[in-house]
Structures are given as C-alpha cells and as structure tokens.
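Heads up, the thing below is written out as structure tokens.
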Amino acid sequence: MSATLRLTREGVGIELIRGQFEIAVDGKSVGSVKYGETVETPIEPGRHALRLRGGRCSSREYSFDAAEGGIVTFRCHGAMVWPCPSLNRTWGSRSSGKEAGGTER
C-alpha cells in the first residue's frame, strides 16, 4: 500500500510568481500545481524530500516521513505582495495538521 502526498497552493494577496509550480519528491518531478489547486500524488512509505520550482525560483527542501496508507499535507504559495509582503518569500508553508501517519521534521 502506498501513502499520499497532498499539496494545496493558496495564499492571501497577490503572488509575484505566476504559472504553475513543479513538484519534486526526492529529486524527481511528480506533477505540478497551479494557484488555487490541490493535487495528490501517491508516494512510497518512508522518508522523503519535497521541493517546488517555479521558473528560476525554487523552495528550500522539506523532509518528511510518510506512513503506509497515510496522507501528508502541505500548503504552499509564491512570494506575496499585499497585505503581507514579507510572508514567506519562497514556497513551503507547511500545513499545521497532519493526517493519518505523516510526521513533520
């Protein structure tokens, strides 16, 4: 049985980077996400690294553990203009709630 990576792209205000973000797990592209979209992709249970890329910009790498049958949830957004210009200059806001088996590190 596999685990699931769920990624939602949302934010408040206007994103400076438009278009879609490429989703890479363990250095391999597993899909992309557009603003306002939620995507899910199956992953093997175990330790993984998540990174997003939009054009020349990329997020820092986030490590996480995925349990068999679990869902690991992340939220992301690009650099924002108003109302919070300093809010997360790159992607990678992690959702505070994990579901069934995902743990943050």
Selected residue (criterion: nearest to ARG75 (Cα to Cα)) from residues of the range 2-42 that are aliphatic (A, V, I, L, M) and without any contact (Cβ under 8 Å) to a residue 40 or more places away in the chain: VAL39
Number of the exception - ALA3 against (1) touching a Cys at 6+ places or on another chain (Cβ under 9 Å); (2) aliphatic (A, V, I, L, M); (3) at pLDDT 90 or above: (1)
Residues of the range 46-105 classified as under 22 Å from MET1 (Cβ atoms), modelled with pLDDT under 85 and in a strand (DSSP E or B), total: 4
Hey, could you check the range 6-35 for residues that are among the charged types (D, E, K, R) and at pLDDT 85 or above and say which is surrounded by the fewest Cβ atoms within 10 Å (Cβ to Cβ)? LYS28
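Of everything in the range 25-45, what is closer than 14 Å to LEU7 by Cβ and in a strand (DSSP E or B)? Give them in sequence order.
VAL25, SER29, VAL30, GLY31, SER32, VAL33, THR38, VAL39, GLU40, THR41, PRO42, ILE43
The values are calculated or read from the model by the stated rules, or taken from the named source; none is laboratory data. Quick caveat: nothing in here was measured; it's all calculated off a predicted structure. In this analysis, Cβ positions are derived from the backbone assuming ideal geometry, glycine residues included, and neighbour counts consider all displayed protein chains.
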